[in-house]
Amino acid sequence: MVNSKRLRVGVIGAGQLARMMTVPAINLAIDLNVLSEAEGSSAALATTVVGDYTKFDVVKEFAKSVDVITFDHEHVPLEILQKLEAKGVSVQPPSKALAFAQNKLHMRRRLSELNLPMPDWAAVKSAAELEEFIANHGGVAILKTPIGGYDGKGVRVVREAAEAADWLKPEALSRFGGELLVEEKVEFVREVAQLSARNPSGDFKAWPLVQTTQSNGVCAEVLAPAPGATPAMLELAVAIASHISEGLGVTGVLAVEMFQTLDGRLLINELAMRPHNSGHLTIEGSVTSQFEQHLRAVLDLPLGDTSLTAEHAIMVNLLGVDDKNNFVEHYGKAMVQHPSVKIHTYGKSARAGRKMGHVTAVGPSEMAIASEVWQAVGVLLKG
Ligand code: ADP
């Protein structure tokens, strides 16, 4: 057919998030082009261009091949995105929103203006300012680098400024934008995440709140819906996400990571403006997966139903244990022994601690699916 309509999305970054967008892209006849930093990346199934996303000319050329640019990570320099936008390129989420996902201090300042619930926080530039915050918050605080942290890197528990001497040196401080973020250490009951999506026309949809468990700062397990969450808490979490996505002008998928406190409050920890680890279980566990919803949202298509396909869903990450096990070797055995568990491996080379894949199960009994999934993980690890 001549001149038939084609939808083309360009994803900057070629990790597992871009990789998992390829399946719904095929289903919806969306041409997916990926800008990868290196050959042999996790998303290499889609049309992939290898190039440096910190070079304007590379990204400008890449943008010519698609209708809209979106992301697998939030590290693209804002100036590059602003220049593209000035040339009329559709960037989703737009640079003005992504700025808040790139810098935790910008995010805290903007969420304060919107009166959203957060841990007590401050920007500090010196040991004296840090000592004062620690003294006013029970002798302990959480110190964060505003830029460049992920999976717990760039987060420290501190009881005295000496523990942050390296980050407070002028060279280090200037690398982080001149200031560090310090927060009260929240005594939380658990961590939860609210996933939602918004398109440029303002259509907004949220999935049910999930409970997340981290191990060494890395997401280990996700349960949907968050066990024991009251209707009031579920509603509050959605209201927070909707307020943020409108207030910050977010498009595409938004993940809001929160702490649930002893007295039942939700305090915002982190934001991600892309598909997120807390939403991987939506592939099997929801009518519309976060990857499909992200593509629909950035193309300004109507958003899909976010209901769960069963009463409960669980996802467990497959974290690398050494430089050999890529979770393919034993997956035949896991498939035989645990046929109801869905295994995802990302095709990455093995490395201890690396996110190499995940497994999901859905069903009416939380206990039963959790037991199946964790047994399958045992087989994937040891055979
Ligand atoms: P990253 O961007 O590396 O994921 P986060 O800001 O999400 O870093 O912090 C990583 C983990 O550190 C959180 O999941 C939580 O367990 C803990 N943490 C972060 N901020 C606080 C806080 N203010 N109080 C208590 N624990 C915190």
**Complete:** Filtering the range 132-155 for residues that are more than 8 Å from the ligand (Cβ to nearest atom) and either surrounded by fewer than 16 Cβ atoms within 10 Å (Cβ to Cβ) or aromatic (F, W, Y) (or both) leaves a count of 8
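Say we look at the range 242-265 and pick out the residues that are more than 16 Å from the ligand (Cβ to nearest atom) and in a helix (DSSP H, G or I); which of these is surrounded by the fewest Cβ atoms within 10 Å (Cβ to Cβ)?
Taking the range 242-265 and keeping what is more than 16 Å from the ligand (Cβ to nearest atom), we get 242-243, 245-253, 264.
Within this subset, residues satisfying the condition of being in a helix (DSSP H, G or I) are 242-243, 245-248.
Numbers: S242: 17, H243: 15, S245: 25, E246: 13, G247: 16, L248: 24.
Checking each candidate, the answer is E246.
Of all residues in the range 120-131, how many are surrounded by 15 or more Cβ atoms within 10 Å (Cβ to Cβ), farther than 10 Å from L181 by Cβ and either within 12 Å of the ligand (Cβ to nearest atom) or not charged (D, E, K, R) (or both)?
First pass over the range 120-131, keeping only residues surrounded by 15 or more Cβ atoms within 10 Å (Cβ to Cβ): 121-124, 129-131.
With farther than 10 Å from L181 by Cβ added as a condition, the list becomes 129-131.
Narrowing the set further to residues that are either within 12 Å of the ligand (Cβ to nearest atom) or not charged (D, E, K, R) (or both) leaves 130.
Here the count works out to 1.
Name the residue, out of A43, A14, A29, that is modelled with pLDDT under 95 and in contact with a Gly (Cβ under 8 Å, 6 or more places away or on another chain). Working first, answer last.
On the way: A14 fails: in contact with a Gly (Cβ under 8 Å, 6 or more places away or on another chain); A29 fails: in contact with a Gly (Cβ under 8 Å, 6 or more places away or on another chain).
Answer to the check: A43.
Take the conditions surrounded by 14 or more Cβ atoms within 10 Å (Cβ to Cβ), more than 12 Å from the ligand (Cβ to nearest atom) and within 30 Å of L281 (Cβ to Cβ) and apply them to Q102. Does it pass? First the steps, then the outcome.
On the way: surrounded by 14 or more Cβ atoms within 10 Å (Cβ to Cβ): yes; more than 12 Å from the ligand (Cβ to nearest atom): no; within 30 Å of L281 (Cβ to Cβ): yes.
No; evaluated as a whole, the condition is false for this residue.
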**Request:** Could you grab me the full set of residues in the range 74-98 that are touching a Lys or Arg at 6+ places or on another chain (Cβ under 9 Å) and either buried (at least 18 other Cβ atoms within 10 Å of the Cβ) or on the phi > 0 side of the Ramachandran plot (or both)?
**Result:** E74, I80, L84, V89, P93
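Identify all residues within the range 184-213 that are assigned to a strand (DSSP E or B) and over 21 Å from the mean Cα position of the chain (by Cα); write none if there are none.
In the first step, residues of the range 184-213 are kept if they are assigned to a strand (DSSP E or B); the result is 184, 188-198, 204-206, 210-213.
Listed by number, the residues that qualify are E184, V189.
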**Asked** So which of E311, E284, E270 ends up being in contact (Cβ under 8 Å) with a residue 40 or more places away in the chain, within 16 Å of the ligand (Cβ to nearest atom), of a type in the set (D, E, K, R) and surrounded by fewer than 23 Cβ atoms within 10 Å (Cβ to Cβ)?
**Response** E270
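Which one of these is of a type in the set (S, T, N, Q), closer than 28 Å to V238 by Cα and modelled with pLDDT of 95 or more: Q82, Q92? Steps first, please.
Values: Q82 fails: closer than 28 Å to V238 by Cα.
Unique residue meeting the criteria: Q92.
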**Fill in**
Residue hits (the range 214-239; within 16 Å of the ligand (Cβ to nearest atom) and either under 13 Å from S196 (Cβ atoms) or not in a loop (DSSP other than H, G, I, E, B) (or both)) are Q214, S215, V218, C219, A220, E221, V222, L223
**Complete:** Taking the range 157-176 and the residues there that are within 16 Å of the ligand (Cβ to nearest atom) and surrounded by 17 or more Cβ atoms within 10 Å (Cβ to Cβ), the one that is modelled with the lowest pLDDT would be F176
**Fill in**
G353 passes all but one of the listed conditions (1) farther than 20 Å from L223 by Cβ; (2) without any contact (Cβ under 8 Å) to a residue 60 or more places away in the chain; the exception is number (2)
**Request:** Would you tally the residues in the range 220-239 being in contact (Cβ under 8 Å) with a residue 60 or more places away in the chain and surrounded by 17 or more Cβ atoms within 10 Å (Cβ to Cβ)?
**Result:** 5
**Request:** Count, please, the residues in the range 335-383 that happen to be over 22 Å from the mean Cα position of the chain (by Cα), assigned to a loop (DSSP other than H, G, I, E, B) and surrounded by fewer than 16 Cβ atoms within 10 Å (Cβ to Cβ).
**Result:** 5
**Asked** Restricting the search to the range 342-365, which residues are over 22 Å from S215 (Cα atoms) and of a type in the set (V, I, T)?
**Response** V362
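Just to confirm my filter: which helices (runs of 4 or more DSSP H) fall fully inside the range 35-151 and include at least 1 residues that are within 18 Å of the chain's Cα centre (by Cα)? Full working, then the answer.
Values: elements: 56-64, 78-86, 95-102, 104-113, 127-136.
In the range 35-151, 95-102, 104-113 are the helices (runs of 4 or more DSSP H) which contain 1 or more residues that are within 18 Å of the chain's Cα centre (by Cα).
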**Prompt:** Can Q260 be described as at pLDDT 95 or above and touching a Lys or Arg at 6+ places or on another chain (Cβ under 7 Å)?
**Reply:** yes
**Request:** Being within 23 Å of L303 (Cβ to Cβ) and of a type in the set (D, E, K, R) is the filter; apply it to the range 179-218 and report the residue that is surrounded by the most Cβ atoms within 10 Å (Cβ to Cβ).
**Result:** R198
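The values are calculated or read from the model by the stated rules, or taken from the named source; none is laboratory data. Computed from a predicted structure; not experimentally measured. Methodologically, a virtual Cβ is constructed for each residue, glycine included, from the backbone with ideal geometry; neighbour enumeration extends over all protein chains shown.
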